[in-house]
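Read through the structure below, which is laid out as structure tokens, and then see the notes.
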Amino acid sequence: MSQSLIIFEPSGKVIYQFNNKISPFNDFIYSLVNQTCTELDSAFSTAAVAQKRFYCLQNDTLYAALYFDVVSTLDSEKVRLCLDGVLKTYSKLCEDDHAKMAKLIEFQFQTLVQLRLTLTDAEGSGERPVSKASTPVPNLGTSTPVKGKKSTPSKKMRKWVNGELVDAVDDGALDYSNAADLLSAAEGTGAAKVQLNQAAFEKQDNLVLLRELNDVLGDAEDDEDDEGDKDGSASGVTSGFFSKISSYFGASVDINEVSKKFIEQLISKNIAPATAAAIIEKIKARLSSKTVTVPVFKQALTDELTKILTPNVSTDLLHDIKKRPLGRPYVISVVGVNGVGKSTNLAKLAYWFLQNNMSVLICACDTFRSGAVEQLKVHVNSLKNLNSGSARIDLFEKGYGGGDHVVNTAKLAIAYGAAENYDIVLIDTAGRTHSNAKLMAPLKKFGDAANPDKIIMVGEALVGTDSVEQATNFDNAFGNRRGLDFFIISKVDTVGDLVGAMINMVMATKVPILFVGTGQTYTDINKLSVKRVVDMLTS
Ligand code: GDP
């Protein structure tokens, strides 16, 4: 994990820094000046930029800002207090005793970092059983199916600049970016049988079903109790949205004032400002009164968010697969930006289908990124090792190539899948930057030729405002005839309650969320719990 702190002047000149690699701050400062940050109060802002959570506090003459590389549930009020202390220390000591100032600032910052680490450890310690498999990976407590795969304590997050992915390195448990690991694992020599937590799934009428996100995150009401404890902590600082507006409780107040507070609340949960404003406008129009109580407004918001997230089509994939026409496998294709977890979640789907005794052919249609085919081979080898039933899992690949190679590979895979009686063909596609028209254009041709039964976009919970454009561009990429069918929202385990990307994506496209990814093992996939997500967004 990395975390950095800088103090800078309004001109942008950095005058003090701790542990700083300046470029992520550049992205944040860009977002600060373009006013895409969320104002938590008039001097305190936050933003999720470049997959990091930034906070900035300003006094009359200076700014202090910090970021964490993984979004955590750390109370923003504690961050504000830390930055306030840092600014005061700097102002008091910078001229007289530079060494003492540096020592004190470092201490203040590290105290906050420690607090955050403690909270992160607590989350990964079993209180929130996000990961279940046997071989622990320090950062997430998840396991890798590849023996000998080096596990690293830190997880580098993808880096976005102006909608462009500029750094797709991520060294989590199912990341096969190391060429040596890749080769040995792809040849089958590195694939080990791991213990996955079968309790992750639930059995019903001969079907193996995915559990709800709610089961994975634990009891929301317990968490709310914990929140209450935290609020009453020794610092004496009250935190939480509702304590901030508690003065409004009971009484009817100006609807515009309440609306403004709720917009801030939604933005602080990673909902894009325009999306948050649109949701609140709808509620205002529905309530159509000049004054309102907070509970009434909150209930209307809860209803609206529930409506947005509730799918209006069937998400019963197993049923659809069973009902497919004879002689043709059910074809599912996954699309998305680089590094969001397409292959990992495709492998999770495959594992789930195997549990349901359905044979799966995985087709390697990322014929562009070197190592992509081998990465899928690794997954297929691991899944073969894990598979104890009679259903088959195999890889269909025709190596690398451009032009029509992707379309031809997909068509051949579907024909092969039909001839060999596979139930499902799962097609992986190349990750692409959603804002690059040249890279997006081939998706239409692919969709027309492969005509998948379902096209699923994998999108990260980690992405901020950019999620709106990502979802919209992928949904529009397949032409007028069809769009995306579902989202899988990955990495929900890394964002705490900042789950706003889900709303951004669904609001922008009306495409429902099929599943959420909650870790790096094959059983870390869950059904969405609309209620739980709405609770997280409104509390
Ligand atoms: P792709 O480039 O879109 O195919 O992405 P990958 O499938 O290679 O995944 C990139 C990284 O994200 C890998 O390290 C995965 O283990 C990790 N990953 C995927 N899904 C999740 C998830 O739900 N939670 C977490 N924490 N990591 C995930």
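Determine whether the range 444-462 contains at least one residue that is modelled with pLDDT under 95, in the same structural domain as Val340 (by TED's automatic domain parsing) and β-branched (Val, Ile, Thr). Among the residues of the range 444-462, not one is modelled with pLDDT under 95, in the same structural domain as Val340 (by TED's automatic domain parsing) and β-branched (Val, Ile, Thr), which makes the answer no.
When the test is whether a residue is farther than 23 Å from Ala450 by Cβ, open to solvent by 60 Å² or more (accessible area, probe 1.4 Å), of a type in the set (A, V, I, L, M, F, W, C) and more than 13 Å from the ligand (Cβ to nearest atom), Val296 passes it. Screening the candidates Asp320, Asp316 for the property of being under 25 Å from the mean Cα position of the chain (by Cα), of a type in the set (D, E, K, R) and more than 9 Å from the ligand (Cβ to nearest atom) yields one hit, Asp316. With respect to the conditions (1) closer than 13 Å to Thr538 by Cβ; (2) surrounded by fewer than 22 Cβ atoms within 10 Å (Cβ to Cβ); (3) modelled with pLDDT under 95; (4) within 24 Å of the chain's Cα centre (by Cα), Thr306 lacks only one, and its number is (3). Figure legend. Inter-residue proximity from the range 338-349: first residues within 6 Å of the ligand (Cβ to nearest atom), second residues assigned to a loop (DSSP other than H, G, I, E, B), beta-carbon distance below 6 Å, spacing 6+ or different chains. Indicated pairs: Asn338/Ala168; Asn338/Gly431; Gly339/Arg158; Gly339/Ala168; Gly339/Asp170; Lys342/Gly336; Thr344/Leu174. Among the residues making up the range 293-335, none is in contact with a strand residue (DSSP E or B) (Cβ under 7 Å, 6 or more places away or on another chain) and more than 25 Å from Leu210 (Cα to Cα).
Within the set of pairs 6 or more residues apart or between chains, which connect a residue that is small (Gly, Ala, Ser) inside the range 525-536 to a residue that is in a strand (DSSP E or B) with Cβ atoms less than 7 Å apart? Matching pairs, first to second residue: Ser529/Glu212.
On inspection, Val373 passes the criterion of being out of contact with any helix residue (DSSP H, G or I) (no Cβ under 7 Å at 6 or more places or on another chain), β-branched (Val, Ile, Thr), closer than 30 Å to Gly403 by Cβ and within 16 Å of the ligand (Cβ to nearest atom).
Considering only the range 55-74, I want to know if a residue exists there that is open to solvent by 30 Å² or more (accessible area, probe 1.4 Å) and touching a Gly at 6+ places or on another chain (Cβ under 6 Å). Yes, some residue in the range 55-74 is open to solvent by 30 Å² or more (accessible area, probe 1.4 Å) and touching a Gly at 6+ places or on another chain (Cβ under 6 Å).
A count restricted to the range 399-442 and to residues that are free of Cβ contacts under 8 Å to residues at least 40 places away in the same chain, open to solvent by less than 30 Å² (accessible area, probe 1.4 Å) and within 25 Å of the chain's Cα centre (by Cα) stands at 1. Residues that are among the hydrophobic types (A, V, I, L, M, F, W, C), under 28 Å from Leu196 (Cβ atoms) and in the same structural domain as Ala471 (by TED's automatic domain parsing) are absent from the range 403-412.
For the residues Glu281, Glu264, Glu257, the requirement of being away from the ligand (no atom under 16 Å from the Cβ), of a type in the set (Asp, Glu) and modelled with pLDDT of 95 or more singles out Glu281.
Identify, from the list Met502, Met507, the residue that is within 23 Å of Thr433 (Cβ to Cβ), modelled with pLDDT of 95 or more and within 15 Å of the ligand (Cβ to nearest atom). Working first, answer last.
Values: Met507 fails: within 15 Å of the ligand (Cβ to nearest atom).
Result of the check over Met502, Met507: Met502.
Whenever a residue of the range 255-279 is open to solvent by less than 50 Å² (accessible area, probe 1.4 Å), its partners that are among the charged types (D, E, K, R), lying with C-beta atoms within less than 7 angstrom and at least six residues away or across chains, give the pairs Ile255/Lys284; Ile255/Lys290; Ser259/Lys284; Lys269/Asp497; Ile279/Glu304. Specify which of the listed residues (Phe396, Phe368) is among the aromatic types (Phe, Trp, Tyr) and within 13 Å of the ligand (Cβ to nearest atom). On inspection, the qualifying residue turns out to be Phe368.
Let's see how each residue does on (1) over 19 Å from Leu318 (Cβ atoms); (2) of a type outside the set (Lys, Arg); (3) not in a helix (DSSP H, G or I):
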position	(1), (2), (3)
Ser370	yes, yes, yes
Leu376	yes, yes, no
Val380	yes, yes, no
Ser390	no, yes, yes
Gly402	yes, yes, yes
Ala415	yes, yes, no
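What pairs can you find where one residue is in the range 364-381 and assigned by TED's automatic domain parsing to the domain that holds Ser333 and of a type in the set (S, T, N, Q), the other is open to solvent by 20 Å² or more (accessible area, probe 1.4 Å) and within 11 Å of the ligand (Cβ to nearest atom), and their Cβ atoms are less than 9 Å apart, with a gap of 6+ or different chains? Between residues of the range 364-381 that are assigned by TED's automatic domain parsing to the domain that holds Ser333 and of a type in the set (S, T, N, Q) and residues that are open to solvent by 20 Å² or more (accessible area, probe 1.4 Å) and within 11 Å of the ligand (Cβ to nearest atom), the close pairs are Gln375/Asp175; Gln375/Ser177; Gln375/Arg369.
Scan the range 443-492 for residues that are within 15 Å of the ligand (Cβ to nearest atom), in a loop (DSSP other than H, G, I, E, B) and open to solvent by less than 10 Å² (accessible area, probe 1.4 Å) and the total you get is 3. As a summary of the residue check, Ser333 satisfies the conditions (1) in contact with a Gly (Cβ under 9 Å, 6 or more places away or on another chain); (2) modelled with pLDDT of 95 or more; (3) open to solvent by 10 Å² or more (accessible area, probe 1.4 Å) except for the one numbered (3).
The values are calculated or read from the model by the stated rules, or taken from the named source; none is laboratory data. Being a predicted model, the structure only gives us computed values, none of them experimental. Positions of Cβ are backbone-derived with ideal geometry, glycine not excepted, and every protein chain shown enters the neighbour counts. To get the accessible areas, we keep the full protein, side chains included, count just its heavy atoms, and leave off ligands, DNA and RNA. Shrake-Rupley method; radii C 1.70, N 1.55, O 1.52, S 1.80 Å.
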